[in-house]
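Just so it is clear, none of the values below were taken in a lab; they were calculated from the coordinates. Keep in mind it's a predicted model, so treat the numbers as computed, not measured. Note that each Cβ is placed from the backbone with ideal geometry, even for glycine, and that neighbours are counted across all protein chains shown.
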Amino acid sequence: MRFTSEQRLDDGVLEREFTLGEIPGTLWTPGSAPAPAPLILIGHNGGLRTREPRLMARARHSAAEYGYAVAAIDAPGHGDRPRSAGEERIRADLRRAKESGEPIDEILEALIAPLVDRAVPEWQTTLDALLSLPGIGGPVGYSGMTAIGIRLAVVEPRIAAAGFFAGGFVPSALREEARQVTIPLLFLLQWDDEGNDRRLALDLFDAFGSGEKTLHANVGGHTGTPWFEVDDGNRFFDRHLK
């Protein structure tokens, strides 16, 4: 892991950008907290700084107000990471299907399933590097993209609790894997999310094998999650990571 920049924010949080091989990421650590700080991984599929200001705000809040170390990496083929010719073709097919009103589930399967296969090992490599840093320790939580989170929760025993956002496509194989997720779970659903099938999201919540799982549903579209859910999410992690 090589840190490429760092800045101390007004709230005392240290924000550092890093690279790990070809993986770019950002790490936020609290200004003052008993070491080692528990760690939250934020899973997303976009270029963090250009597309995800809400996630950056969440990360800073979790570090400043709750004492967490928080890390995010760009998924393969997202942000500034190069895409293969095959990925470009699938994305072009997806754009055409959306414009013409054609079904897109098969295209999303072809896009998201390989993404998860590549992203999860990268998260595990990143987790190895993060936990070797001074001031960061377990247990570890995951928050964000559901498809990646399901696989990570199944294969990575260091993940002790997870918060999933029901706003993205989950391939059929991962819906079956959801039955193997047994860690404590908080599931966020935007009731009027224009890009998410509400019935499928509720069925997915039902499929999770966790003995402790909670569903929070709020009215509004994809980007309308109320800010109070950030604090509720941090309190959820407090119960299981501290």
With angles folded into 0 to 90 degrees, how steeply does helix 228-241 sit against the dominant principal axis of the chain? Use alpha carbons for both and round to 10. 60
Give me the dipole magnitude in Debye, nearest 20, for the chain about the Cα centre, with unit charges on the beta carbon: positive for Lys and Arg, negative for Asp and Glu. 380
In degrees, nearest ten, helix 53-66 long axis to first principal axis of the chain (Cα): 30
Through the Karplus equation 6.51 cos²θ - 1.76 cosθ + 1.60, θ set to phi - 60°, convert the phi angles of the stretch 159-173 into ³J(HN,Hα) values in whole Hz; use x for Gly and Pro. 7, 9, 7, 9, x, 9, 9, 7, x, x, 6, 10, x, 4, 5
Computed [θ] at 222 nm, helices only, for the chain once each DSSP H run of length n ≥ 4 contributes -39500 (n - 2.57): -13000 deg cm²/dmol
List the residues whose amide H sits under 5 Å from the amide H of Gly163, counting only those 5 or more places along or on another chain, with H placed 1.01 Å from N in the peptide plane. Tyr142, Ser143, Gly144, Leu186
Amide H to amide H, which residues 5 or more places from Val13 or on other chains are under 5 Å from it, using H placed in the peptide plane? Gly31
Label-to-label distance, nm, for residues given as Arg179 and Thr125 (7 Å Cα→Cβ offset): 3.3
As computed over the chain, the Cα convex hull volume per residue (Å³): 118
So what's the gap between the Cα centers of the stretch 100-123 and the stretch 128-144, to the nearest angstrom? 27
For the pair Leu94 and Arg235, the simple spin-label estimate (label points 7 Å beyond Cα toward Cβ) gives in nm 3.5
Low-density loop cleavage sites - GluC sites (Glu not before Pro) in the stretch 161-238, where at most 16 other Cβ are within 10 Å (DSSP): Glu194, Glu212
DSSP loop (so not H, G, I, E, B), at most 16 other Cβ within 10 Å: list which chymotrypsin sites (Phe, Trp or Tyr not before Pro) in the stretch 118-197 pass both filters. Trp191
